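A quick write-up on the structure given underneath.
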Amino acid sequence: LKSSNPERMEWSDVLKKYKYIVSDSKEISILQKDKPDFFEQSYIIENKHTYIYLKFTDFIDHLKISNLIDKHKNLLLNAKQIIIDVRGNRGGSDLAYLKLLPYLTSESITITDDTPYYHRFTKAYCDERIHIISELIKQMPDSDDLDEYKSILNLYKDNYDKGLVNINDNPEPDTIEGIQEKCPDVKVLADFECGSSGDNFVKFAHEFKNIEIIGRPTKGMNDYSNVMFVDINGKYKLSVPHSKDGNVDLGKSMGKTGIPVDHYIPWTPKELEKDIILETAINRFTSL
């Protein structure tokens, strides 16, 4: 419990020690016997009649997310109002959500970031990432996504065991080409449990003038990221970040603040009974 702000306190390690909590004499189950994990992976695109609802609990399974977007392509193209729920998003790969971004706008959005971004290219780190990415490439169909992964693979091969390298020393702007005929009204739902690639998704969302971010600031995990696990004598696993955002050196750390929202909703006990953030998003659509 490192924060003075209750919304940004880390309770998970405490709660994992118990089966339930009590609120107003009511027992609320924390862990089920058949589900000893807090998290269940879920990727959803649903037609809610007045809006399209998307939920991503993480951005881990790139292929599954990509196939889901392809399957609902027409639904997304005809959407006038969209809600994207990334509350509790545990991150994964930024590439997993890039395919979604063109469905959120009708415009061309250019994003330029010239802030240094450092990777510590150790032999062990490069070996691990080259293996993981090579396995992913074997499973992927021939597409733009495949080219992106090959480009990342080459990054690790070109900088193999070179130590600390600024990989953003010659930044090229990122361009998102919208494919909608008209910009939909988009609401993104965020909270303190949204981190890593979830942080980055919310950060990208700020670049869209038709997107409103609702809820609470994200976790802010990306000052130091690209974690690699190091085994210590078979008894411990040490998580070691191998990248550093140059914004840290500029006094712009996200660690204590996260990525901000446009419409802030403080937590209250009412959220134990109903989804206030989702209800607020629906009510803030310009028309239903």
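Structure values in brief
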read-out: Heavy-atom accessible surface of the chain: percent carbon and sulfur, 1.4 Å; value: 50
read-out: Cα→Cβ-extended label distance, 7 Å offset, between residue 230 and residue 108, nm; value: 4.6
read-out: Separation of the residue 182 and residue 207 label points, Cα + 7 Å toward Cβ, nm; value: 2.6
read-out: More than 21 angstrom apart: percent of Cα pairs within segment 73-230; value: 55
read-out: Accessible area in square angstrom per residue, the chain, 1.4 angstrom probe; value: 60
read-out: Value at 222 nm in deg cm²/dmol, rounded to 500, when DSSP H runs of n ≥ 4 in the chain each add -39,500 (n - 2.57); value: -7000 deg cm²/dmol
read-out: Spacing of the two label points (7 Å from each Cα toward its C-beta) at residue 247 and residue 42, in nm; value: 2.9
read-out: Per-peptide average of other Cβ atoms within 10 Å, ordering 239-250, 85-96, 186-197 highest first; value: 186-197, 85-96, 239-250
read-out: Alpha-carbon Debye profile of segment 1-112, log10 I(q)/I(0) at 0.14, 0.22 Å⁻¹; value: -0.79, -1.21
read-out: Cα-centred dipole magnitude for the chain, charges only on beta-carbon of K, R (+1) and D, E (-1), debye, nearest 20; value: 920
read-out: Among 271, 181, 27, residue whose mean-square fluctuation peaks in a GNM of the chain (springs only between Cα atoms under 10 Å); value: 27
read-out: Electrostatic dipole magnitude of segment 106-240 [Cβ: Lys, Arg +1; Asp, Glu -1; Cα centre; debye, to 20]; value: 720
read-out: Magnitude of the charge dipole, segment 70-158, Cβ model with Lys/Arg +1 and Asp/Glu -1, debye to 20; value: 340
read-out: Taking all pairs of distinct alpha-carbon atoms in the chain, Kirkwood radius in angstrom; value: 20.8
read-out: Theoretical gain in end-to-end length, residue 63 to residue 127 [0.36 nm per residue, Cα-Cα removed]; value: 20.8 nm
read-out: Fraction of antiparallel bridges per DSSP, the chain only, in percent to nearest 5; value: 65
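The values are calculated or read from the model by the stated rules, or taken from the named source; none is laboratory data. Just so you know, these numbers come straight off a predicted model, no measurement behind them. Here the Cβ is made from the backbone with ideal geometry for all residues, glycine too, and neighbour counts use every protein chain on show. We work out accessible area using only protein heavy atoms, side chains counted, and drop any ligands, DNA or RNA first. Shrake-Rupley method; radii C 1.70, N 1.55, O 1.52, S 1.80 Å.
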